[in-house]
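Read the structure below first, then the notes.
The values are calculated or read from the model by the stated rules, or taken from the named source; none is laboratory data. Here the structure is a predicted model, which is why all the values come from computation and not from measurement. Every residue, glycine among them, receives a Cβ derived from its backbone with ideal geometry; neighbour counts consider all protein chains shown. Side chains are part of the model used for accessible areas, which takes the heavy atoms of the whole protein and leaves out ligands, DNA and RNA. Shrake-Rupley method; radii C 1.70, N 1.55, O 1.52, S 1.80 Å.
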Amino acid sequence: MRLTSAASGGSLHSALKLQQYCMDTTQTADAPSTSSPRMASIDCYLDFISPYAYLAFERLPEALRGISYSVRYKPLLFASLLKHHGQLGPAEIPAKRDWTYRQVSWLAQQQNTPLQMPFSHPFNPLSLLRLAVACDDTGAPNRYVCETIFRHVWTGGEEATDTARLAALSAQLSPVQDIASERVKEQLKAHTAEALALGVFGVPAFGVDGKVFWGLDSLPMLRDYLLGGNWFGSSAWEDASDVKVGIERIPVARGLS
């Protein structure tokens, strides 16, 4: 299945300069009367295999416009989250796979984000994740690096893990660490372990003040929290954990080994 979303903003990548992306991890409020009085620190957990992570990544600056915040991008292995929680990925359920590709194509068109399905999906994202981690000494790549890798996957319709394309991508990004080093592998594992400790079960996920906001559609909720929304001043967040489990299904073993 090959799906394409043609967006009029497709020339954005060529128009923006590297320095803009290096600065984009910190945003300053341009609407002081409504924005949060503090600088919010957000951890963004992502895997380049996820089209929803790509769409949320592209949407984040607009979604949080007018709010002072900083973002630390933390690549992790989505498959490890699935294994930990005993879940199948969307692309591992045939009917859900088709729906996912249809929906993300439509969503991309709606938010004016260029998107074309890679030649094959899902794929093994480890090489891309390690490249991202290797582009920063602490293992937290900047926005430019993450965007470049996301667009390597989600624009053009080519094989995401093609050897020649990966070599060209690595040359473009010039990682500061050895991609194959144990240090890079451990940094990637650390991001995954950190996310699991917070209760993260999918990507994208945004961690702030010990709270986790999951998914592209959580961005309005994240914004409301950072703006001090009244709902968050109540006990509603904690009350959600008090709902009793009425019945439990026996987990399906398929795909969990």
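Of the residues making up segment 225-240, one or more are at pLDDT 95 or above and touching a helix residue (DSSP H, G or I) at 6+ places or on another chain (Cβ under 6 Å). Of (1) open to solvent by 50 Å² or more (accessible area, probe 1.4 Å); (2) modelled with pLDDT of 95 or more; (3) not basic (K, R), E92 satisfies all except one. Which? Every listed condition holds for E92 apart from (2).
Count, please, the residues in segment 204-231 that happen to be among the aromatic types (F, W, Y), open to solvent by 40 Å² or more (accessible area, probe 1.4 Å) and in a helix (DSSP H, G or I). Write out each step before concluding.
Quick first cut of segment 204-231, residues among the aromatic types (F, W, Y) only: 206, 213-214, 225, 231.
Filter again for open to solvent by 40 Å² or more (accessible area, probe 1.4 Å), leaving 214, 231.
Then keep just the ones that are in a helix (DSSP H, G or I); that gives 231.
Selection size over segment 204-231: 1.
For (1) acidic (D, E); (2) touching a residue at least 12 places away in the same chain (Cβ under 8 Å), each residue gets a yes or a no:
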position: Q172; (1), (2): no, yes
position: E182; (1), (2): yes, no
position: Q187; (1), (2): no, yes
position: E194; (1), (2): yes, yes
position: A197; (1), (2): no, no
position: A205; (1), (2): no, yes
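Here L64 fulfils each of the conditions (1) modelled with pLDDT of 55 or more; (2) farther than 17 Å from V153 by Cα; (3) surrounded by fewer than 18 Cβ atoms within 10 Å (Cβ to Cβ) apart from (3).
Number of residues in segment 103-124 that are loosely packed, with under 15 Cβ neighbours inside 10 Å, in contact (Cβ under 8 Å) with a residue 12 or more places away in the chain and assigned to a helix (DSSP H, G or I) equals 1. Per the listing T34, T100, the residue uniquely among the hydroxyl-bearing types (S, T, Y) and either at pLDDT 95 or above or not in a loop (DSSP other than H, G, I, E, B) (or both) is T100. Filtered by the rule that a residue be within 19 Å of A140 (Cβ to Cβ), in contact with a strand residue (DSSP E or B) (Cβ under 8 Å, 6 or more places away or on another chain) and either free of Cβ contacts under 8 Å to residues at least 12 places away in the same chain or assigned to a loop (DSSP other than H, G, I, E, B) (or both), segment 37-91 gives M39, D47, F48, L64, L76.
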